[in-house]
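Input: a single structure, listed below in structure tokens.
Every read-out reported here was derived from the displayed coordinates using simple, explicitly stated rules and does not represent laboratory data. Not measured: the values here are computed from a predicted model. Neighbour counts are summed over all protein chains in view; Cβ atoms, including those assigned to glycine, are modelled from backbone coordinates with ideal geometry.
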Amino acid sequence: PFQGAFMSKFAMAGVAALALAVSAQDADAFCGFYVEGSGAKLAADATQVTLMRQGTRTVLAMQNDYKGPLNDFAMVVPVPVVLKEKDVKTLDKSVLARIEMLGSPRLVEYWEQNPCPTPRKERYYDGDLAADKAMPMAAPTSASYEKQTVKIEAKFTVGEYNILILSATEAAGLEKWLNQNGYKIPAGAEPLLRPYVEAGSKFFVAKVDPKKVQMVDGVASLSPLRFHYDSEEFSLPIRLGMANSTGKQDLIVNIISDSRYEVANYKNVVIPTNFDVKDSVRSRFAEFYAALFDKTLEANPRSVITEYAWDAQPYSMCDPCPPEVPTDADAMTLGGDVIGGKIAQGTYTLTRLHARYGKADMNDDLRFRAAKPIQGGRENWSAKGLEYGATPSSTNNFQGRYAIRHWWTGPIACKNPQRGVWGGPPDGGY
């Protein structure tokens, strides 16, 4: 279920594997063939939310892959202000899939190049080496009691969703009103609603019109929802999502902004990165990564793990790039149209945070703060070699990245062989 929403099932799209062709002549700047992303195994178990933040404005986008009777679909999200119809829109699923693909931990593949290469012209590093080394809804009915505690602030339809914006003076009254008006929310929701009611939050409530929804293999093909609001606080409500949790929940938060972000009220940890792995991991990468994530969380309970923090600009979009990357148009779709600035032009930092928790693990929403840049998880031979963790930097270049390496097995006929130069396959193909 969406963290901060009531829902039966929720999943994100998986990541397809594809290699990118790179010339073997670029060996000493080679960033590896992209083999696989880690999303496939997590797809059925993780909630994905994308946030865009600039100043006091937040744009929230979420994917709803719902399994179950459409009449049972109900989503309730606390928001700080009354949303208007113009503040809410539906998106194409592919936009969120590209963000997920970009930030997902990745498996790459290298081949050691001929230790006795033919001479070639020198190429010059044109970056900043010093910087690299630096760190139609029916009108709802309600009993007279609930009329006193619940108010419909706005009502409109967007795509296949019938949406209400509610305010409430009592959590118990809100819970009763939702149940009486056909919203299938879990029993015992009142204690989870109470902090938001007391804080003066409004409630974004969505149901779907079954006549507007297509079913694909028994799953409702629902459009992602996007809405925006202004608030001094930058946070994500997760406590309501615990109401229908029977175990642990995975939450992946992608933050698009002008800096890296971390949580302010829980421990922050970066995922260990730059491991060399056996070739057998190729067909079990999601399983490998899930085990690594489990071990990291076991050593750091109740923490939120940074899996990606990268300054997305034309010269440093990814290392290596997955099959599809976000475009400038995607940045506009995800919120650039209401935020503007460089973010609208595709220049931003993407931070991917991953949390796993049960009812007893988190007693507060996720509250975010800007954080200093970090680097790690690159084949950075121009600086200090492989980066196994995260170190301070002047720019954000951190990722979870794991490599299959093929060492040179051919003849070595020169006097001074150059070992450890990595690139594409010897035949130039893949």
Check: So, in nm, how far is label S167 from label K359 when the simple model puts each one 7 Å beyond its Cα toward the Cβ?
Finding: 3.2
Notebook entry, point to check: How much net charge surrounds F234 when only other residues with a Cβ under 9 Å from its Cβ are counted (Lys, Arg +1; Asp, Glu -1)?
Noted result: +1
Next item on the list: Taking the Cα centre of the range 197-265 as origin, sum charge times position over the Cβ atoms of Lys and Arg (+1) and Asp and Glu (-1), and report the length of that vector in debye to the nearest 20.
Entry: 380
Check: Long-range amide H contacts for Y348: which residues qualify at under 5 Å (H placed 1.01 Å from N, peptide plane, sequence gap of 5 or more or a different chain)?
Finding: A312
Notebook entry, point to check: Under a Cβ-Cβ cut-off of 11 Å, what is the net charge of the residues other than A97 that fall near it, where Lys and Arg count +1 and Asp and Glu count -1?
Noted result: -2
Checklist line | ³J(HN,Hα), Karplus 6.51/-1.76/1.60, whole Hz, each residue of the range 254-270, x for Gly, Pro | finding: 9, 10, 10, 7, 9, 7, 6, 10, 9, 7, 9, 10, 9, 5, 9, 9, 9
Margin query: Within 15 Å, Cβ to Cβ, of T56, how many net charges do the neighbouring residues add up to if Lys/Arg are +1 and Asp/Glu are -1?
Written below: -1
Margin query: Taking a ≥ b ≥ c as the square roots of the Cα gyration tensor eigenvalues, with a/c under 1.5 meaning rounded and otherwise prolate when a/b beats b/c, else oblate, which class fits the range 274-399?
Written below: oblate
Note to self: Let's test the formula: R0 of 45 Å, r as the Cβ-Cβ distance of K267 and K415. What FRET efficiency results, to the nearest 0.05?
What the structure shows: 0.30
Check: Going down the list K267/K295; K89/K248; K248/K278; K93/K372, which pairs span over 20 Å between their C-alpha atoms?
Finding: K89/K248; K248/K278; K93/K372
Checklist line | Mean projection area, nm², convex hull over Cα of the range 246-299 | finding: 6.0
